[in-house]
Amino acid sequence: MRIARVSLGAAARGMTSQDGLASSKPADGAGPQGEAPAAGRVYLRAPERSDRGEFVALMRASRGFHRPWATAPTDEEAFEAYLVDSRRPDFQAMLACRREDRAILGFFNLSHITRGSLQSAYLGYAVASAYARQGYMREGLELVLREAFLGLRLHRIEANIQPGNHASIALARGAGFSREGFSPRYLKISGRWRDHERWAILAEDWRVRAEQLGLPTVR
């Protein structure tokens, strides 16, 4: 990947390193052509070139907050590479935006989208430090999972999280992910090979949880 070698599933922290929402049409939960959804504080949409200034400034201001869990694009070149990757068929990039003012809060990536008998993807995400610990990513992740399982019709989503990234683990667990295992020295981040825990959720488990919480399970 050309953007960054960073941790998957760095909840409220980092950006995916494993390697699309290519148009301006927002992901499930948002209105047509970028309009905010009718309910909820957060909606998802694809990144666009016009987002460069706001996005880069947010990630640059959040570098200390993201360290040592991950890195994200903090200059124009890296953002342009992110846009290119977001248009690949095996990569879906989604910006989490605030409904009231359309501010960019963070992002989610579904990468290495695999079809055939696997039907799976890796999940990565990050929130800007200014919007952390306000529940925005929790709301955004519910929309991402709905898009993954209903829109993309995937069967499994995996997030790899460093053991010390307690915020990320709490976010994944709260969304219904289960810990499946441990991968020593799994990803090289900031010059060091770092251990990760494997967290995942299956479509059928997501559906049971969504029904229990009264969340939509159809498009």
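Residues are listed down the side, and each one gets a yes or a no for (1) closer than 25 Å to Leu58 by Cα; (2) in a helix (DSSP H, G or I):
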position	(1), (2)
Arg138	yes, yes
Ala148	no, yes
Ile157	no, no
Asn160	yes, no
Ala170	yes, yes
Ala200	no, no
Glu204	no, yes
Pro216	no, no
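What is the number of the single condition among (1) assigned to a helix (DSSP H, G or I); (2) out of contact with any helix residue (DSSP H, G or I) (no Cβ under 7 Å at 6 or more places or on another chain) that Pro89 does not meet? Single failed check for Pro89: (1). Within the stretch 167-202, being among the aliphatic types (A, V, I, L, M) and either more than 17 Å from Ile157 (Cβ to Cβ) or surrounded by fewer than 18 Cβ atoms within 10 Å (Cβ to Cβ) (or both) holds for Ala167, Ala170, Leu187, Ile189, Leu202.
Name the single residue, out of those in the stretch 116-132 being surrounded by 21 or more Cβ atoms within 10 Å (Cβ to Cβ) and hydroxyl-bearing (Ser, Thr, Tyr), that is modelled with the highest pLDDT. Only one residue fits best here, namely Tyr122. Only one of the numbered conditions (1) out of contact with any Phe, Trp or Tyr (no Cβ under 7 Å at 6 or more places or on another chain); (2) surrounded by 18 or more Cβ atoms within 10 Å (Cβ to Cβ) is not met by Cys97, and that is (1). If you check Gly181 against the conditions, is it small (Gly, Ala, Ser) and closer than 19 Å to Thr71 by Cβ? No; evaluated as a whole, the condition is false for this residue. All of (1) crowded, with 18+ Cβ neighbours inside 10 Å; (2) farther than 21 Å from Ala203 by Cβ hold for Gly135 with one exception: (1).
One residue stands out in the stretch 43-86 among those that are part of a loop (DSSP other than H, G, I, E, B) and among the acidic types (Asp, Glu): the one that is surrounded by the fewest Cβ atoms within 10 Å (Cβ to Cβ), namely Asp75.
Against the definition (closer than 21 Å to Asp90 by Cβ and assigned to a loop (DSSP other than H, G, I, E, B)), how does Leu118 come out, yes or no? Yes.
The values are calculated or read from the model by the stated rules, or taken from the named source; none is laboratory data. Just so it is clear, the structure is predicted and the values come from calculations on it, not from any experiment. Cβ atoms come from the backbone with ideal geometry, glycine included; neighbour counts cover every protein chain shown.
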